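Here's the structure we're looking at; comments come further down.
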């Protein structure tokens, strides 16, 4: 699986009714659907949304002097899970963006959601790519995120 150079993300905090809170990095294009599912189906609260740009390590290094002035920078890895569906002849790819210190925990979580026989087959791949997040702007509400989708 080839690494992508960059991806727009929304960083937010996800809070449960039990009081636990965690950070999430969600792909910009998927955020509204993800937000709807987390709040409506699972009962979570979402707060402190920030627009971010994820860059793979090579892309960041090539223009570090420019990016270092663009916003707050954090080490965030991209975990790519690829599962080949031989019955239908395509590969499903899922991306997760996590702070570097959470990579191993998230890899373990992702593996618990996948049957062992699939993980041990040639139809499954999990790769981790190093990168940086540049936090750009706080987002006060979903109306600021223009994706052509509406909650109306």
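Odds and ends about this structure:
- Dimensions (Å) - region 44-98, Cα atoms, principal axes, largest first: 48, 36, 13
- √(5λ) per eigenvalue of the Cα gyration tensor, region 1-148, largest first, Å: 26, 22, 15
- Helix-derived mean residue ellipticity, 222 nm - over the chain, DSSP H n ≥ 4, -39500 (n - 2.57), to 500: -4500 deg cm²/dmol
- Each pair of Cα atoms in region 90-133 enters the Kirkwood radius, and Stokes-Einstein at 25 °C and 0.890 mPa s then converts it into a translational diffusion coefficient of 208 µm²/s.
Here, each number is a calculation from the coordinates, and none is a lab measurement. Keep in mind that what you see is a predicted model, and the values were worked out from it rather than measured.
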